[in-house]
Amino acid sequence: MERSLWKAIGYRGCTICHILDKDETDFMANLQLQTIKDQKVRQDVVSLNGYCNFHFHQMARLSSPMVNAILTKDLIDVEIKEIERGSFGPTLRIDCPVCKYVDEREGFYLKEFRALLSEKSFQKEYEATDGLCRIHLKGVLNLLQGGELHEFMLASHMMHLKLLRVELETFISKVRSTSRDFKEEKDSWLIAIEKMVGKRGLKK
Ligand SMILES: [Zn+2]
Ligand SMILES: [Zn+2]
């Protein structure tokens with residue numbers, strides 16, 4: 001299913017991270033189903049040497065113990081054969097298919113964001129979000145290469161940072177005063193971490 005950034009507006013945190021997370025989860029859910037149903041898909045995953053650390057653990061949580069057992073047994077079979085053949089080298093190479101997919105989607109959304117940015121209605125909607133994380137902001141700035149829209153992105157980034165700083169200050173002072181009356185600032189620290197490094201598992 002093709003998603004659009006319009007669908008991700010209105011959620012907390014980076015719009016691109018939010019939509020990437022949805023795409024990633026759907027892709028993994030589908031892939032774990034296919035690895036048990038379709039031997040060819042499983043062979044492909046094995047030929048890529050499985051998943052990266054982050055996605056293997058994520059996939060394990062989405063999959064049944066049986067799926068995990070079958071896939072890891074296949075990977076072990078390959079490794080035993082490599083050792084027997086004498087082709088087991090010192091370099092560990094994993095071409096994680098989930099990373100590859102997320103990379104492609106990320107490129108797609110950065111371009112979509114850049115295209116939508118020319119629309120005043122999108123600019124308005126974007127201003128009302130928490131803004132992009134630093135990684136995706138830089139990605140968009142790279143596509144813009146200066147100009148009016150670049151200035152717009154910087155000005156809105158500044159506004160988003162200042163708003164988030166107020167939320168963090170509110171959170172800190174409420175915790176200090178042992179108040180339990182949290183509002184939107186409750187998750188401000190999590191939003192701030194995402195602002196700095198992007199969503200969990202983003203490879204940058
Ligand atoms: Zn992001
Ligand atoms: Zn990965």
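Tabulated results
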| quantity | calculated |
| --- | --- |
| Some residue of the stretch 46-61 being away from ligand 1 (no atom under 16 Å from the Cβ), surrounded by 11 or more Cβ atoms within 10 Å (Cβ to Cβ), of a type in the set (A, V, I, L, M) and in contact (Cβ under 8 Å) with a residue 40 or more places away in the chain | yes |
| Pick from the stretch 1-56, criterion aliphatic (A, V, I, L, M), within 16 Å of ligand 2 (Cβ to nearest atom) and within 18 Å of the chain's Cα centre (by Cα), ranking: farthest from Gly198 (Cα to Cα) | Leu31 |
| Hits in the stretch 2-29 - residues which are on the phi > 0 side of the Ramachandran plot and open to solvent by 70 Å² or more (accessible area, probe 1.4 Å) | Gly10 |
| Single condition Thr91 does not satisfy, out of (1) of a type in the set (Val, Ile, Thr); (2) open to solvent by less than 90 Å² (accessible area, probe 1.4 Å); (3) at pLDDT below 95 | (2) |
| Checklist (1) within 16 Å of ligand 1 (Cβ to nearest atom); (2) farther than 18 Å from Arg114 by Cα; (3) surrounded by 13 or more Cβ atoms within 10 Å (Cβ to Cβ) applied to Leu141, failing item | (2) |
| Count - residues of the stretch 182-204 that are assigned to a loop (DSSP other than H, G, I, E, B), within 16 Å of ligand 1 (Cβ to nearest atom) and either of a type in the set (D, E, K, R) or open to solvent by less than 20 Å² (accessible area, probe 1.4 Å) (or both) | 5 |
| So Glu127, is it open to solvent by 30 Å² or more (accessible area, probe 1.4 Å), within 30 Å of Gly146 (Cβ to Cβ), more than 16 Å from ligand 1 (Cβ to nearest atom) and touching a helix residue (DSSP H, G or I) at 6+ places or on another chain (Cβ under 6 Å) | yes |
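Each row is one residue, and each column tells you yes or no for (1) within 16 Å of ligand 2 (Cβ to nearest atom); (2) part of a helix (DSSP H, G or I).
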| position | (1), (2) |
| --- | --- |
| Ile94 | yes, no |
| Cys99 | yes, yes |
| Tyr109 | no, yes |
| Glu112 | no, yes |
| Glu125 | no, yes |
| Leu143 | no, yes |
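The values are calculated or read from the model by the stated rules, or taken from the named source; none is laboratory data. Because the structure is predicted, anything quoted here is derived from the model rather than measured. Neighbour counts run over all protein chains shown; Cβ positions are idealised from the backbone, glycine included. The accessibility values were calculated without ligands, DNA or RNA, using every heavy atom of the protein model including side chains. Shrake-Rupley method; radii C 1.70, N 1.55, O 1.52, S 1.80 Å.
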